[in-house]
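The values are calculated or read from the model by the stated rules, or taken from the named source; none is laboratory data. Predicted model, so just to flag it, every value in this text is computed and none were measured. Please note: Cβ atoms are built from the backbone with ideal geometry, for glycine as well, and neighbour counts cover all protein chains shown. Accessible surface is based on the protein model in full, side chains and every heavy atom, while ligands, DNA and RNA are left aside. Shrake-Rupley method; radii C 1.70, N 1.55, O 1.52, S 1.80 Å.
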Amino acid sequence: MTLTIWVDDWQMQCCGESVAPGDVVSWTLLEVDPEDYADLVGGERAEGIDFREEHHGQGEGRAPTSVEVVSVVEVHCRYGVPPGATSRVNHPVPGTTVLVPVEEADGWAKARPDVRFAGYLVTARPVTDPPEGPAARGR
């Protein structure tokens with residue numbers, strides 16, 4: 001069984017450590033509402049997101065979950081003010097998603113034309129007996 005986990009760019013830039021396939025990490029995982037990600041990654045892909053990784057207190061009281069990273073994909077999209085909006089707040093523009101498989105996630109991504117880096121989709125496998133010491137990478 002694998003899980004798909006959303007990792008915000010800013011969460012990793014602020015407090016995260018890089019991750020790569022094969023790494024075992026201990027993350028606080030929060031359930032998601034797929035609608036929150038539909039404009040960002042498309043409705044069908046959003047339905048497949050199981051959790052989001054949280055570094056900043058919203059998961060207080062939750063035990064971290066150990067997972068082995070299977071794959072990492074950067075998510076880029078265009079942002080703009082939605083038609084008819086009453087505020088000037090930018091939102092993801094549906095249908096502009098660019099997915100880039102990568103060997104490592106460090107919170108930063110190579111600039112791409114017409115889109116901005118938003119975060120990662122991490123595919124991971126739950127780990128029941130996480131390694132201890134240097135092999136375990138608490139994030």
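For Arg45, state whether it is over 29 Å from Asp129 (Cα atoms), of a type in the set (Lys, Arg), in contact with a Pro (Cβ under 8 Å, 6 or more places away or on another chain) and open to solvent by 40 Å² or more (accessible area, probe 1.4 Å). When the stated conditions are applied, Arg45 does not pass them.
Let's see how each residue does on (1) modelled with pLDDT under 95; (2) among the β-branched types (Val, Ile, Thr); (3) closer than 21 Å to Val115 by Cβ:
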| position | (1), (2), (3) |
| --- | --- |
| Thr2 | no, yes, no |
| Trp6 | no, no, yes |
| Val24 | no, yes, no |
| Trp27 | yes, no, no |
| Asp33 | no, no, no |
| Asp50 | no, no, no |
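Considering region 82-110 alone, what residues qualify as being among the hydroxyl-bearing types (Ser, Thr, Tyr) and either within 20 Å of Val41 (Cα to Cα) or in contact (Cβ under 8 Å) with a residue 12 or more places away in the chain (or both)?
Across region 82-110, the qualifying residues are Thr96, Thr97.
Just a yes or no: is a residue in region 69-81 without any contact (Cβ under 8 Å) to a residue 24 or more places away in the chain and more than 25 Å from Gly16 (Cα to Cα)? Scanning region 69-81, I find at least one residue that is without any contact (Cβ under 8 Å) to a residue 24 or more places away in the chain and more than 25 Å from Gly16 (Cα to Cα), so the answer is yes. Identify, from the list Arg52, Arg62, the residue that is under 23 Å from Lys110 (Cα atoms) and open to solvent by 30 Å² or more (accessible area, probe 1.4 Å). Being under 23 Å from Lys110 (Cα atoms) and open to solvent by 30 Å² or more (accessible area, probe 1.4 Å) holds for just one of Arg52, Arg62, which is Arg52. Each residue in region 1-46 was checked for being under 13 Å from the mean Cα position of the chain (by Cα), aliphatic (A, V, I, L, M) and under 17 Å from Thr96 (Cα atoms), and 3 pass. Applying the condition of being within 15 Å of the chain's Cα centre (by Cα) and open to solvent by 100 Å² or more (accessible area, probe 1.4 Å) to region 101-124 and asking which residue is nearest to Ala38 (Cα to Cα) yields Arg116. Comparison of Glu31, Glu35 shows that the only residue that is of a type in the set (Asp, Glu) and touching a helix residue (DSSP H, G or I) at 6+ places or on another chain (Cβ under 9 Å) is Glu35.
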